[in-house]
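Undergrad: Before we start, here is the structure in question, set down as structure tokens.
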Amino acid sequence: MRKSIFKISILIVTGVLLMLGLFGCGKQKYKLDLPFGFESKKDSYAAGEEVKVTYGIIATDTDYSFYSDADDVKREYTDSEGYVFTFIMPERDVTFWVESRNSMEYLDPSKEYTEDELAGKIDGERMVFDYYDAVVGTDGGDRYTELVLYRWEEDDLLLAKYTKEYGEEELVRVCRVPVSYLYDCLAAVNRNGMKSWKDGDGLDGMVYVVRFKNGNDYMRISSEDMPEGGTKAFAEIKTVLDEAWSFYGPKGAYPLDPGVGIIDDPVIEEEEK
């Protein structure tokens, strides 16, 4: 009898140890999403763990810009590991991104484009982030605002703003913005867990949608799928794009009125004597 009890005890202890090993002492693990070039010892960490990520694919003639939705990321560079990033894992998944360009390429910083020229360079197939909100189901007709980021031949992005008011034609304006605004939007999506939204309740008289490049495909997230309080996530994204538009967007009416300009002083003709 004692021998049987001893065997049962061993089995129980072994089972507990296996469970602890599989589930990390009961703590939930969060995913670390790293594109090609980034490395870390593990692909998931518990909240509160210190995380170290390295990026060692360094070319001497290339400039790199790194982005992450982790909090308080510290960065340094070492000859042995390349770029090193450390942070404390939050209670959510974390993603890293990198942008690179050949620093030997000739860029003409003085090259300027008119707004019409920028509008002509918009390519729908190169859209990388799209924010849309609309008032719907009203007697006066629907109205909407759409802010869309596109890649083009330059290193920055095009930001197009499409607006339509009741009974009016759609108005399109466009400007150039730094690529960092794309990653600020993607970070907001991740921080708010928007990729996992489903079976929401939607809103009466209002709809919000974001769509963005997710790997080789596009992902669409609608207010029809959002949980309670989800409008905060859409508002956070709108704030990012509104800031970009406020700082870099075109000023004045469009199209410009050719009659507006500096008014010449009136010419006073002398009377004939």
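The values are calculated or read from the model by the stated rules, or taken from the named source; none is laboratory data. Just so we're clear, the structure is a prediction, and the values are computed from it rather than from any experiment. Because the Cβ atoms are built from the backbone with ideal geometry, glycine has one as well, and the counts that use them run over all protein chains shown. Accessible surface is based on the protein model in full, side chains and every heavy atom, while ligands, DNA and RNA are left aside. Shrake-Rupley method; radii C 1.70, N 1.55, O 1.52, S 1.80 Å.
Undergrad: How many percent of the accessible area of the stretch 63-197 is carbon or sulfur, using a 1.4 Å probe?
TA: Carbon plus sulfur share of accessible area: 42 percent.
Undergrad: Assuming R0 = 22 Å, can you tell me the calculated FRET efficiency for the pair D33 and L203, based on Cβ-Cβ distance, to the nearest 0.05?
TA: The value I calculate is 0.15.
Undergrad: Which of rounded, prolate, oblate describes the stretch 148-190, given a ≥ b ≥ c as roots of the alpha-carbon gyration tensor eigenvalues and a/c under 1.5 marking rounded, otherwise prolate only if a/b is larger than b/c?
TA: oblate
Undergrad: For the stretch 201-245, with equal point scatterers placed on the C-alpha atoms only and solvent neglected, what are the log10 I(q)/I(0) values from the Debye formula at q = 0.19, 0.25, 0.33 1/Å, to two decimals?
TA: Normalising to I(0) and taking log10 leaves -0.67, -0.96, -1.13.
Undergrad: Return the distance in nm (one decimal) between the two label points of a simple spin-label model at R143 and E224, each offset 7 Å from Cα along Cα→Cβ.
TA: 2.4
Undergrad: Right, next: Give me the extension gain from S44 to S196: residue separation times 0.36 nm, minus the current Cα-Cα distance, reported in nm with one decimal.
TA: 53.0 nm is the gain from fully extending S44 to S196.
Undergrad: Could you grab the Rg to Rh ratio for the stretch 116-184? Cα atoms only, Kirkwood for Rh.
TA: 1.04
Undergrad: So, one more: For R92 and D242, what is the calculated FRET efficiency with R₀ set at 25 Å and r taken between the beta-carbons, to the nearest 0.05?
TA: Once rounded, the FRET efficiency stands at 0.50.
Undergrad: I've got another one for you. Counting other C-beta atoms within 10 Å, and keeping those with at most 15, which DSSP coil trypsin sites (Lys or Arg not before Pro) do you find in the stretch 31-65?
TA: K41, K42
Undergrad: Still on this structure, I have one more. Could you compute how fast the stretch 60-215 diffuses translationally, taking Rh as the Kirkwood radius over C-alpha pairs and applying Stokes-Einstein at 4 °C with viscosity 1.567 mPa s? Give it in µm² per second.
TA: Diffusion coefficient, whole number: 70 µm²/s.
Undergrad: How long, wide and thick is the stretch 142-253, going by the Cα atoms along their three principal axes, in whole angstroms, largest first?
TA: 40, 37, 23
Undergrad: I would also like to ask the following. Starting from the Cα of K121, draw a straight line to each of the lysines and keep only those under 21 Å, dropping any in the same chain fewer than 8 residues away.
TA: Within reach: K111, K161, K213, K251.
Undergrad: Compute the length gained on full extension between E125 and K111: take 0.36 nm times their separation in residues and subtract their Cα-Cα distance, giving the result in nm to one decimal.
TA: So the extension gain works out to 2.6 nm.
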